[in-house]
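This report concerns only the one structure given below.
What follows draws every value from the coordinates through simple rules; no lab data is involved. Note that this is a predicted model, so its numbers are computed, not measured. Please note: Cβ atoms are built from the backbone with ideal geometry, for glycine as well, and neighbour counts cover all protein chains shown.
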Amino acid sequence: MDTSSRRTFLGVCLGGVVAGFSAAVLWPLYRYLAPRSGGELTTRVVIAEKDVPEGEAKFFEYAGASAVLVRKKGGELVALSAVCTHLGCIVQWEKEKQDFLCPCHAGRYTPDGTVISGPPPKPLAKLPFSVANGEITVG
Ligand code: FES
């Protein structure tokens, strides 16, 4: 193999490695950041009441985004968007503290979605729901 064809061969190999690495890194990033498209958006979700015990939260998909049902201490139910109002990360339920924490910039919300601290500019959006026959219907 002469020098020129060796360079060409190495160039092709290096190009393949760079293309593979780029695809491995950029595709998951694109899938994470891109808005969801296609398929039906679920605008009505039914969850058994027993699946949301007192002091716990249940996350689910609603209208193409993450949502959460919380049964506060004392039994009151709340349905919220789980999308942080700062930059759109998904909040996490902290059972011990009975609040929501946004892992991206440490925004905190009460179980009602009210901002406690951090950068979120407004509360988590409330979702309509009803309870009948042991089932919670969101939407
Ligand atoms: S995205 Fe939630 S605090 Fe920044």
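Do we find that residue 48 is aliphatic (A, V, I, L, M) and exposed (fewer than 14 other Cβ atoms within 10 Å of the Cβ) in this structure? Spelling it out, residue 48 is indeed aliphatic (A, V, I, L, M) and exposed (fewer than 14 other Cβ atoms within 10 Å of the Cβ). Would region 75-83 turn up any residue that is surrounded by fewer than 18 Cβ atoms within 10 Å (Cβ to Cβ) and within 15 Å of the ligand (Cβ to nearest atom)? Checking region 75-83: not a single residue is surrounded by fewer than 18 Cβ atoms within 10 Å (Cβ to Cβ) and within 15 Å of the ligand (Cβ to nearest atom).
Answer yes or no: is there a residue in region 86-98 that is near the ligand (Cβ under 10 Å from one of its atoms) and aromatic (Phe, Trp, Tyr). The answer is no, given that none of the residues of region 86-98 is near the ligand (Cβ under 10 Å from one of its atoms) and aromatic (Phe, Trp, Tyr). For region 99-116, residues that are near the ligand (Cβ under 10 Å from one of its atoms) and of a type in the set (Ser, Thr, Tyr) total 1.
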